[in-house]
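Have a look at the structure below before the remarks.
The values are calculated or read from the model by the stated rules, or taken from the named source; none is laboratory data. Quantities reported herein were computed from a predicted structural model and do not represent experimental measurements. Cβ placement follows ideal geometry from the backbone for every residue including glycine, while neighbour counts extend to all protein chains displayed.
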Amino acid sequence: MIGALLGDMIGAPYEFDRGNKTKEFPLFSRTSCFTDDSVMTIAVAEALMNADGKSDEEIRAALVRAMQKWGRRYPNAGYGGRFIRWLFTENPQPNGSFGNGSAMRASAAGWLFDDLQTTQHMAALTAAVSHNHPEGIKGAEATAAAIFMARNGSSMAEIKAYTAQEFQYDLSRTCAELRPLNRHDETCQVTMPLVFAAFLESTGFEDAIRNAVSLGGDTDTIACITGSIAEAFYGIPAEIAAEGKRRLPDDMLEVLEKFRLALAADHPQIRHIGHLIPEP
């Protein structure tokens, strides 16, 4: 799950085309910091870690509580206008959004469950409490499904084929084809093909993040979702994970550690259980 947070903070300085659509940039700088993507990823993870044996209604209620708690704790993290109102509304209702906020926060669902059907169902729940448009739900499901497949040893070709067939995304275009066309767009429909182009052309975790940022536009969210999938496929170099953790507050680090321990206890077969690739 830390792959999502790393993508978010690495992509944040280049959002709104503040970069040059290149892969050559400092991986971390003084402005590399977490945004709403990370806050909501942490919130969803906290809620889903306690989902065992609970009904869908109970899980939805837990998601709303956690998302409002974390959103109110970090109110200036960069939320969209409708979502910030959702965070501060008593008994908030879904608003029909198809924004990519549903996909950026879904990574925990890709790690915690034992089969693909349950994984996608849980991802749909995480989306539907606010982003209940079919495209919003689809974005969350596609993210979690790719993570599930990656952590269980599926190849890139298998992940691509499943994603294209199940979610009807056009994954035919390359980063080179998408890069000059992409502008800042926060919809799942635009974001998810960018994410998969960045991941499918990558050679490692860092390369996937650099691909994502080079596409421009909503770089923190594109890199956040890409990083969540790339972590499950490659693991994360220890030095990159360590630098990212140095930029996170203690309360987020506490949830990350609880998440790691929960995975280690319940899913010992998962690759990259510590989220790190071996040191050379």
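Within the range 49-71, how many residues are exposed (fewer than 12 other Cβ atoms within 10 Å of the Cβ) and either farther than 22 Å from GLY110 by Cβ or touching a residue at least 12 places away in the same chain (Cβ under 8 Å) (or both)?
1
Looking at the range 149-157, can you tell me whether even one residue there is buried (at least 24 other Cβ atoms within 10 Å of the Cβ), hydrophobic (A, V, I, L, M, F, W, C), closer than 20 Å to THR35 by Cβ and in contact (Cβ under 8 Å) with a residue 12 or more places away in the chain?
No.
Quick test of your reading of the structure: ARG183 fulfils all but one of (1) crowded, with 21+ Cβ neighbours inside 10 Å; (2) modelled with pLDDT under 95; (3) not hydrophobic (A, V, I, L, M, F, W, C). Name the failing condition by number.
Result: ARG183 passes all but (1).
With respect to ARG210, is the statement that it is part of a loop (DSSP other than H, G, I, E, B) and either at pLDDT 95 or above or of a type in the set (D, E, K, R) (or both) true?
no
Any idea how many residues of the range 113-130 are modelled with pLDDT under 95 and either buried (at least 24 other Cβ atoms within 10 Å of the Cβ) or closer than 22 Å to TYR79 by Cα (or both)?
0
Restricting attention to the range 252-259, does a residue exist that is within 22 Å of PHE98 (Cα to Cα), among the β-branched types (Val, Ile, Thr) and within 16 Å of the chain's Cα centre (by Cα)?
no
Of the numbered conditions (1) under 17 Å from the mean Cα position of the chain (by Cα); (2) acidic (Asp, Glu); (3) assigned to a loop (DSSP other than H, G, I, E, B), ASP170 satisfies every one except a single condition; which is it?
For ASP170, the exception is condition (1).
Take ALA77 and decide whether it is crowded, with 20+ Cβ neighbours inside 10 Å and among the aliphatic types (A, V, I, L, M).
no
Per-residue answers, yes or no, for (1) surrounded by fewer than 24 Cβ atoms within 10 Å (Cβ to Cβ); (2) in contact (Cβ under 8 Å) with a residue 12 or more places away in the chain:
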| site | (1), (2) |
| --- | --- |
| ALA142 | no, yes |
| ALA161 | yes, no |
| PHE167 | yes, yes |
| ASP170 | yes, yes |
| THR187 | yes, yes |
| LEU194 | no, yes |
| ALA198 | no, yes |
| PHE205 | no, yes |
| THR219 | no, yes |
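Out of everything in the range 175-192 that is touching a helix residue (DSSP H, G or I) at 6+ places or on another chain (Cβ under 7 Å) and part of a helix (DSSP H, G or I), what residue ends up being nearest to SER102 (Cα to Cα)?
CYS188
Report yes if some residue within the range 84-94 is within 17 Å of the chain's Cα centre (by Cα) and either surrounded by fewer than 15 Cβ atoms within 10 Å (Cβ to Cβ) or farther than 19 Å from LEU256 by Cα (or both); otherwise report no.
Taking every residue of the range 84-94 in turn, none turns out to be within 17 Å of the chain's Cα centre (by Cα) and either surrounded by fewer than 15 Cβ atoms within 10 Å (Cβ to Cβ) or farther than 19 Å from LEU256 by Cα (or both).
Need the failing condition index for ALA12 against (1) surrounded by 21 or more Cβ atoms within 10 Å (Cβ to Cβ); (2) under 20 Å from ALA144 (Cα atoms); (3) among the small types (Gly, Ala, Ser), just the number.
It fails just one condition, (2).
Tell me the helices (runs of 4 or more DSSP H) entirely within the range 1-107 that contain at least 1 residues that are out of contact with any His (no Cβ under 8 Å at 6 or more places or on another chain) and of a type in the set (S, T, N, Q).
36-48, 56-73
Any residue at all in the range 124-134 that is among the aliphatic types (A, V, I, L, M), over 14 Å from the mean Cα position of the chain (by Cα), under 21 Å from LYS258 (Cα atoms) and in a loop (DSSP other than H, G, I, E, B)?
Within the range 124-134, none of the residues are among the aliphatic types (A, V, I, L, M), over 14 Å from the mean Cα position of the chain (by Cα), under 21 Å from LYS258 (Cα atoms) and in a loop (DSSP other than H, G, I, E, B).
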